[in-house]
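Here is the structure we will look at, set down as structure tokens.
The values are calculated or read from the model by the stated rules, or taken from the named source; none is laboratory data. Every value quoted in this text rests on a predicted model; they were computed, and no experiment measured them. Counting neighbours? That spans all protein chains shown, and the Cβs are built from the backbone with ideal geometry, glycine included. What goes into the accessible areas is simple: the full protein's heavy atoms, side chains included, and nothing from ligands, DNA or RNA. Shrake-Rupley method; radii C 1.70, N 1.55, O 1.52, S 1.80 Å.
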Amino acid sequence: MDDTAQAYFGYIMMPAFVILVLSNFIYQPVIRDFGVLWAEGKIREFSLKCMKMCAAIAGITALVLVGGYFLGIPVLSLIYGVDLDDYTAEFMVLLLGGGVYALASFMMIMLTTVRSGSIIAAGFAAGTVCAILSGKFLVELSGMMGASYLYLITNSVIFLLFSGWLVHKIKRGKYEK
């Protein structure tokens, strides 16, 4: 993409991190509680609390998507002094990707809690491989929308790997305690 397209992508990408910041306010205060539940072998309570946190992050994502749809592009256009009206679809995909990244970030904390921190590097490596293999193709095929999908896909791969491993660890934990 040319310099202008890359600048516009940067403008619409920035708000995707809002979801991560907002979700941090929800789960950061209770990380210790997760550790205590896991250490005490309260796997069911741990699992339920984890699902509630994922639901809360999904709820935040939904609220940001609604707000972003109605206010995002006009506010960003005003802030940056450029017309971003043609990029609403890309903006929404990026916001959704930000929500998936917030879920993946929460899963990283849960993996650390259940003593599976080493899987985090593998998840990011898989995400990197996915981005390398599909990035050029998606961007050449669809420009900014392709780059937006790449962000969503890469974060989805990381989230699915992290959550899959966490589910595996929880199932195993039920039988070890």
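Going through (1) open to solvent by 60 Å² or more (accessible area, probe 1.4 Å); (2) in contact with a helix residue (DSSP H, G or I) (Cβ under 9 Å, 6 or more places away or on another chain); (3) in a helix (DSSP H, G or I); (4) more than 21 Å from Gly67 (Cβ to Cβ) one by one, Val18 falls short only on (4). Take the conditions assigned to a helix (DSSP H, G or I), open to solvent by 30 Å² or more (accessible area, probe 1.4 Å), touching a residue at least 24 places away in the same chain (Cβ under 8 Å) and under 25 Å from Met1 (Cα atoms) and apply them to Tyr149. Does it pass? Answer is yes for this residue. Output yes when any residue across region 55-73 is among the β-branched types (Val, Ile, Thr), within 18 Å of the chain's Cα centre (by Cα), surrounded by 13 or more Cβ atoms within 10 Å (Cβ to Cβ) and farther than 22 Å from Leu152 by Cα, and no when none is. No, because not a single residue in region 55-73 is among the β-branched types (Val, Ile, Thr), within 18 Å of the chain's Cα centre (by Cα), surrounded by 13 or more Cβ atoms within 10 Å (Cβ to Cβ) and farther than 22 Å from Leu152 by Cα.
Taken residue by residue, region 156-171 has no member that is basic (Lys, Arg), closer than 16 Å to Phe9 by Cα and free of Cβ contacts under 8 Å to residues at least 40 places away in the same chain.
When Lys49 is tested against the conditions (1) closer than 25 Å to Ile73 by Cβ; (2) under 22 Å from the mean Cα position of the chain (by Cα), the lone failure is (1). Only one residue in Leu103, Leu111, Leu94 is over 27 Å from Gly10 (Cβ atoms), open to solvent by less than 50 Å² (accessible area, probe 1.4 Å), part of a helix (DSSP H, G or I) and not charged (D, E, K, R). Which one? Testing whether each residue is over 27 Å from Gly10 (Cβ atoms), open to solvent by less than 50 Å² (accessible area, probe 1.4 Å), part of a helix (DSSP H, G or I) and not charged (D, E, K, R) leaves just Leu111.
Conditions (1) in contact with a Gly (Cβ under 8 Å, 6 or more places away or on another chain); (2) modelled with pLDDT of 90 or more; (3) closer than 30 Å to Leu150 by Cα; (4) among the acidic types (Asp, Glu), marked per residue:
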{"position": "Met1", "(1), (2), (3), (4)": "yes, no, yes, no"}
{"position": "Ala5", "(1), (2), (3), (4)": "yes, no, yes, no"}
{"position": "Phe9", "(1), (2), (3), (4)": "no, yes, yes, no"}
{"position": "Met13", "(1), (2), (3), (4)": "no, yes, yes, no"}
{"position": "Val18", "(1), (2), (3), (4)": "yes, no, yes, no"}
{"position": "Leu22", "(1), (2), (3), (4)": "no, no, yes, no"}
{"position": "Val30", "(1), (2), (3), (4)": "no, no, no, no"}
{"position": "Leu37", "(1), (2), (3), (4)": "no, yes, no, no"}
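Scanning region 115-146 for residues that are open to solvent by 40 Å² or more (accessible area, probe 1.4 Å), among the hydroxyl-bearing types (Ser, Thr, Tyr) and either outside any helix (DSSP H, G or I) or within 18 Å of Tyr101 (Cα to Cα) (or both) yields a single hit, Thr128. Of everything in region 74-91 that's part of a helix (DSSP H, G or I) and not hydrophobic (A, V, I, L, M, F, W, C), which residue is most open to solvent (accessible area, probe 1.4 Å)? The selected residue is Asp86. For region 21-54, a residue qualifies if it is open to solvent by 60 Å² or more (accessible area, probe 1.4 Å) and either acidic (Asp, Glu) or under 12 Å from Val100 (Cα atoms) (or both), and the qualifying residues are Glu40, Glu45.
Note down all Cβ pairs under 7 Å where the first residue falls in region 69-86 and is closer than 14 Å to Val18 by Cα, the second is β-branched (Val, Ile, Thr) and crowded, with 16+ Cβ neighbours inside 10 Å, and they're at least six residues apart or on different chains. As it stands, the answer is Leu76/Ile12, since those pairs meet every condition given.
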